[in-house]
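The values are calculated or read from the model by the stated rules, or taken from the named source; none is laboratory data. This structure is a prediction, so every number in the text was calculated from the model and none was measured. Ideal geometry is used to build each Cβ from the backbone, glycine not excepted, and the neighbour counts take in all protein chains shown.
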Amino acid sequence: MTAYDEDETGGNGGNGGNGEDDATGGPADGPGDARPGSFGGPRIPLPRVSVEDSGRPLPEVAPAALEHHVLTSLLGAWALAACSAQEAAAVEDHLGECDACADEALRLREAVTLLQRPESLDLDPGLRTRVLDGCLERRPPRIPVPEWAAPYDAETARLDALLQDIGDSDWHAPVRLRWFGEDGPASRRTTVAGVIAHLLAVDGAVAVALGLTDPLGDITASSRAPAVRTEAYWRGSHAPPSRLVRAPWREQSHDIVRTVSFTGDAGGMPVSYGDFELPLRDAMLDRAFECWVHAEDIADAVDYPYEPPSARHLNGMIDLAARMLPGVLAARRRAGLAAPGVRPHLVPAGKPGRSLRLEIEGSGGGEWLIPLDSPGAVGSAEHEVAHVALDGVEFCRLAAGHVPPAEAAAGQVGDREAIRDVLFAAAGLSRM
């Protein structure tokens, strides 16, 4: 028995060999058709056209004639939309007549909604990183971004994504910049646009060190101190900052990342902040830290969800703050803001001295031994006199001046005076 669609006379069994169109509505002239008098291959029917695509009215579904106990047993399947069209029509007709089944159907539908977990419309915050990592695995960049510049690259990109989402009116939302000065907490009122102008002006110190254009242009600042540069930029602007400041800030951040990638430098180039200098690799970490802190200020002002940096980048920021603590502690001591200690242990530079163990918990955490009596001394476990433990994000907010030292959620053991001085020195790292 063959699989040919021909009758004994060689005619087409589908249309009686009369040459008319086949049942699908198209002419039966395909390469697999068998015409009268021909001996072609097996006939392959053309695809059927869906009723929805044909323009014809959909057929009416007649409810199935079912008994009450059968309809009752179908309520669960109906609630899950698992019935056939006829069964669903029968159940729905029955629900209009039977109050008991209608109540049961409502209860089952509510239970189904509890089982279906609504999907969040928010994008996964790690999506960008995973996509970029996947792309770079397939095609590594010819000029990669140095590892010490990656936090700045990531934080400016995250802030730029926030700015992309906010509306025109949000740019004028009030923001209060906060830091911890010598006399205690300090603040400055501005707007979202003013915060971006502040970042543009202070990032300009790195841009100038790299030989890029100073965003201040013809505006004269009395020093390169961040606060001085910011105030000069605000005063020198012809109008209050608006959303137009985003474009120069974004372009400058891209230029900085591109330039440090092409320099091939190890990050040792000095960057001046007026009264102090940082090597380029630390200045980039500092700018990443401030970008994150001020992005949170903006996010709070416009009610926008914002997450801390990745653990690896957060660890780098905490490490920079821990390395800067001895210098800040010494400066506060010279200014009479910190006590010299009941039993100071002065040692030559490079030698172990009296130390505090700083334990950072959570994401990006670790342990650091902070020399207490001299910035040139080396932290030593043998000379440990105190131990402080803080959460990583809490420590960063302390270093940003957003948490008063006396209110920091810190576990403390040992020399109370040393602990107080280090907590206040951490807050003293902050600036406008």
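Key figures for this structure:
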{"read-out": "Helices (runs of 4 or more DSSP H) contained entirely in the stretch 146-255, each with at least 1 residues that are over 20 Å from the mean Cα position of the chain (by Cα)", "value": "192-209, 226-236"}
{"read-out": "Some residue of the stretch 265-274 being surrounded by 15 or more Cβ atoms within 10 Å (Cβ to Cβ), modelled with pLDDT under 95 and assigned to a helix (DSSP H, G or I)", "value": "no"}
{"read-out": "Selected residue (only one of 209, 227, 201 is within 17 Å of residue 289 (Cβ to Cβ) and in contact with a Pro (Cβ under 8 Å, 6 or more places away or on another chain))", "value": "201"}
{"read-out": "Selection within the stretch 277-319 - under 22 Å from residue 368 (Cβ atoms), outside any helix (DSSP H, G or I) and either among the small types (Gly, Ala, Ser) or in contact (Cβ under 8 Å) with a residue 12 or more places away in the chain (or both)", "value": "279, 308, 309, 310"}
{"read-out": "One residue from 197, 186 being aliphatic (A, V, I, L, M), at pLDDT below 95 and either touching a strand residue (DSSP E or B) at 6+ places or on another chain (Cβ under 9 Å) or in the same structural domain as residue 331 (by TED's automatic domain parsing) (or both)", "value": "186"}
{"read-out": "Residue in the stretch 359-369 that is under 23 Å from residue 334 (Cα atoms), surrounded by fewer than 22 Cβ atoms within 10 Å (Cβ to Cβ) and touching a helix residue (DSSP H, G or I) at 6+ places or on another chain (Cβ under 6 Å) present", "value": "no"}
